[in-house]
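Trainee: Attaching a single structure in structure tokens format; questions to follow.
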Amino acid sequence: MTLSELYVYPIKSCAALPLDATTVEARGLSGDRRWMIVDAGGRFITGRQFPQITLVQARPVDGGLILEAPGMPSIRVEAPQPAAHETVEIWKAPVAAVPASEEASAWVARYLGTDARLVYMDESVQRPVNPVYARQGDIVSFADSFPIMLLGRGSLDLLNTKLDVPVVMTRFRPNFVVDTPTPHAEDDWARVAIGEVEFDVAKDCTRCNFVNVDPALGRKSHDGEPLKTLTGYRRFDDGVTFGRHLIARSPGVVRRGDAVTVLATR
């Protein structure tokens, strides 16, 4: 098996950025979900509430990002210098963040048509992973819960045989896509190596209606798909699962085309 696709999401819930290679860091892939949009109360904003957020393209540049979105002028956003942190919220849990510039926040507020701000996670923030599934000291970015998400190509291929209209891989916002030989082969993995980096496979990835947002159109499906179909054959005690969450156990670089080796199964 090989790593066939590699993505980061510079801003939580915004467009996927395909890569050929990236560095694996403690809190996830380099540059992945280090930025986030929050509402006036500091609560995270995602494509669940604002599907059009998936059309925001964030392109990393030295010291920050270039943002582009339909109907908006592009803007350069500088990573804010470490300063006094504010407390924001992801799934009702507090997270420290540094506010971006007023100009950047005005840009996202104008695009979404709501009172919104852009915030940044600097290196001083240590947001812990749920200790039920992690080791002491494991940290994560602004991702929902875990540093990295992996999905097998075979799993999407099976789902698409059940849908009237096939969906693309980026509906599911993976970091790693592996050309698995059989659907849901990844369900059995407990530890994997991708190129030179080893990962624990920490937990199944449970799914919500965010997967119903078409990332090319920035809107939700009218028929509840593909979550409705997934619910019919992928509902377990923990919910509807599709993909696996990973935590890196060694540093290094991963590259598209790297060999993927299963080191242990559950």
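For (1) touching a helix residue (DSSP H, G or I) at 6+ places or on another chain (Cβ under 7 Å); (2) at pLDDT below 95, each residue gets a yes or a no:
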residue: S13; (1), (2): yes, no
residue: A16; (1), (2): yes, no
residue: S30; (1), (2): no, no
residue: F44; (1), (2): no, no
residue: P70; (1), (2): yes, no
residue: I75; (1), (2): yes, no
residue: Q81; (1), (2): no, yes
residue: P94; (1), (2): no, no
residue: A100; (1), (2): no, no
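Trainee: Mind listing just one residue for me: the one in segment 239-266 that is of a type in the set (G, A, S) and outside any strand (DSSP E or B) and, of those, most open to solvent (accessible area, probe 1.4 Å)?
Mentor: So, considering only residues that are of a type in the set (G, A, S) and outside any strand (DSSP E or B), the one most open to solvent (accessible area, probe 1.4 Å) is G257.
Trainee: State whether the residues of segment 231-238 include one that is closer than 27 Å to L55 by Cβ and crowded, with 17+ Cβ neighbours inside 10 Å.
Mentor: no
Trainee: If L150 meets every condition in (1) touching a strand residue (DSSP E or B) at 6+ places or on another chain (Cβ under 8 Å); (2) over 30 Å from D258 (Cβ atoms); (3) touching a residue at least 24 places away in the same chain (Cβ under 8 Å) apart from one, which number is that one?
Mentor: In the conditions (1) touching a strand residue (DSSP E or B) at 6+ places or on another chain (Cβ under 8 Å); (2) over 30 Å from D258 (Cβ atoms); (3) touching a residue at least 24 places away in the same chain (Cβ under 8 Å), L150 misses (2) alone.
Trainee: Can you pull out the residues in segment 157-198 that are open to solvent by less than 70 Å² (accessible area, probe 1.4 Å) and under 17 Å from the mean Cα position of the chain (by Cα)?
Mentor: Listed by number, the residues that qualify are M169, T170, R171, F172, R173, P174, N175, F176, V177, V178.
For every residue, the table says whether it meets (1) farther than 24 Å from P215 by Cα; (2) touching a residue at least 60 places away in the same chain (Cβ under 8 Å); (3) among the small types (G, A, S).
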{"position": "G41", "(1), (2), (3)": "yes, no, yes"}
{"position": "F44", "(1), (2), (3)": "no, yes, no"}
{"position": "A84", "(1), (2), (3)": "yes, no, yes"}
{"position": "I90", "(1), (2), (3)": "no, no, no"}
{"position": "R110", "(1), (2), (3)": "no, no, no"}
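Trainee: Would you tally the residues in segment 119-137 being farther than 17 Å from V8 by Cβ and open to solvent by less than 20 Å² (accessible area, probe 1.4 Å)?
Mentor: Adding up the residues that qualify gives 4.
Trainee: Considering each residue of segment 202-230, count those that are among the hydrophobic types (A, V, I, L, M, F, W, C), out of contact with any Leu (no Cβ under 6 Å at 6 or more places or on another chain) and surrounded by 13 or more Cβ atoms within 10 Å (Cβ to Cβ), and give that number.
Mentor: Matching residues across segment 202-230 total 6.
Trainee: Being more than 23 Å from L19 (Cα to Cα) and at pLDDT 95 or above is the filter here, so list the residues in segment 238-261 that pass it.
Mentor: Passing the criteria: G239, V240, T241.
The values are calculated or read from the model by the stated rules, or taken from the named source; none is laboratory data. Since the model is a prediction, treat every value here as computed from it, not as a measurement. Every residue, glycine as well, gets a Cβ built from its backbone with ideal geometry; the counts of neighbours run over all protein chains shown. Just so you know, the surface numbers come from the protein's heavy atoms only, side chains and all, with ligands and any DNA or RNA stripped out. Shrake-Rupley method; radii C 1.70, N 1.55, O 1.52, S 1.80 Å.
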